[in-house]
Amino acid sequence: MSDFFAHETAVIDEGCEIGAGTKIWHFSHIMTNCILGEKCNIGQNVVVSPKVVLGKNVKVQNNVSIYEGVTCDDDVFLGPSMVFTNVINPRSAVNRKNEYLKTHVGTGASIGANATIVCGHNIGKYAFIGAGAVVTKEVPDYALVVGNPARQMGWMSEFGQRLHFNEEGIAVCDESGEKYKLENNKVSKI
Ligand SMILES: CC(C)(COP(=O)(O)OP(=O)(O)OC[C@H]1O[C@@H](n2cnc3c(N)ncnc32)[C@H](O)[C@@H]1OP(=O)(O)O)[C@@H](O)C(=O)NCCC(=O)NCCS
């Protein structure tokens, strides 16, 4: 265990690796064998289920449960009360513990408040999921999706600004001045 902060009401089970500078706030529970990177912020009333892996600087807002099968790369933002799932067809009387579907959240992606991610659909790097969206499909890198079911309404820069592509498929982020290219419905930074 490294130099991290956990509020006295937080519970951290055995076998976890927690990176330096990470903060874990009131009433949160980090279950066995989780790996949390450096400088993460785990808000209030958060549950991180066994074996979950979070990268560096992952920010988890209040009331989020990160279930087994979820992995988040560096700089992911999980908005307040967003919901992951890990069983596609739960029945209380049927044990599906060996049927968890995986959900991977790519570097820099943001998930808005109260959004729901139906399991087995990966979220691309720097994708942006609007508040209250219900994600039922893979979300491409840099895509902005909203609604239930979530539909793509555009593209977002790494700074969280809308990208408006010109006829040559080039867009410039208003905030950073960085350039992006849209080619074959895929966005990359140039
Ligand atoms: C998705 C988001 C980034 C869009 O912001 P924006 O680019 O400024 O979009 P606008 O407000 O101009 O809205 C454009 C259209 O999308 C709709 N829209 C915006 N956000 C939406 C959402 N979350 N769900 C459904 N529709 C949405 C608007 O109603 C508007 O529709 P209209 O053109 O028919 O009037 C923003 O609305 C959002 O959801 N942010 C997440 C906030 C959050 O959860 N933060 C958590 C930390 S506190």
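Summed over region 2-45, residues that are surrounded by fewer than 18 Cβ atoms within 10 Å (Cβ to Cβ), in contact with a Cys (Cβ under 8 Å, 6 or more places away or on another chain) and among the aliphatic types (A, V, I, L, M) total 1. Taken over region 147-169, the criterion of being more than 19 Å from the chain's Cα centre (by Cα) and either in a loop (DSSP other than H, G, I, E, B) or more than 11 Å from the ligand (Cβ to nearest atom) (or both) is satisfied by H164, F165, N166, E167, E168, G169.
Checking each residue in region 46-60 for being within 11 Å of the chain's Cα centre (by Cα) and touching a residue at least 24 places away in the same chain (Cβ under 8 Å) picks out only G55. Of the residues making up region 56-91, those that are closer than 22 Å to Y142 by Cα and assigned to a loop (DSSP other than H, G, I, E, B) are K56, N57, V58, Q61, D73, D74, D75, V76, G79, P80, M82.
Does region 46-55 hold any residues that are in a loop (DSSP other than H, G, I, E, B) and surrounded by 18 or more Cβ atoms within 10 Å (Cβ to Cβ), and which are they?
V46, S49, V52, G55
On the basis of being over 21 Å from V52 (Cβ atoms), at pLDDT 95 or above and not assigned by TED's automatic domain parsing to the domain that holds G69, does L182 make the cut? Yes: the conditions hold for L182.
Here F159 fulfils each of the conditions (1) in contact with a Ser or Thr (Cβ under 9 Å, 6 or more places away or on another chain); (2) surrounded by 15 or more Cβ atoms within 10 Å (Cβ to Cβ); (3) not basic (K, R) apart from (2).
Counting residues in region 125-136 that are in contact with a Phe, Trp or Tyr (Cβ under 7 Å, 6 or more places away or on another chain), modelled with pLDDT of 95 or more, more than 16 Å from the ligand (Cβ to nearest atom) and in the same structural domain as L54 (by TED's automatic domain parsing) gives zero.
Screening the candidates V94, V76 for the property of being aliphatic (A, V, I, L, M) and assigned by TED's automatic domain parsing to the domain that holds V134 yields one hit, V76.
The values are calculated or read from the model by the stated rules, or taken from the named source; none is laboratory data. Please read these numbers as outputs of a predicted model, since none were measured by experiment. For neighbour counting, all protein chains shown are included, and Cβ atoms are generated from backbone atoms with ideal geometry for every residue, glycine included.
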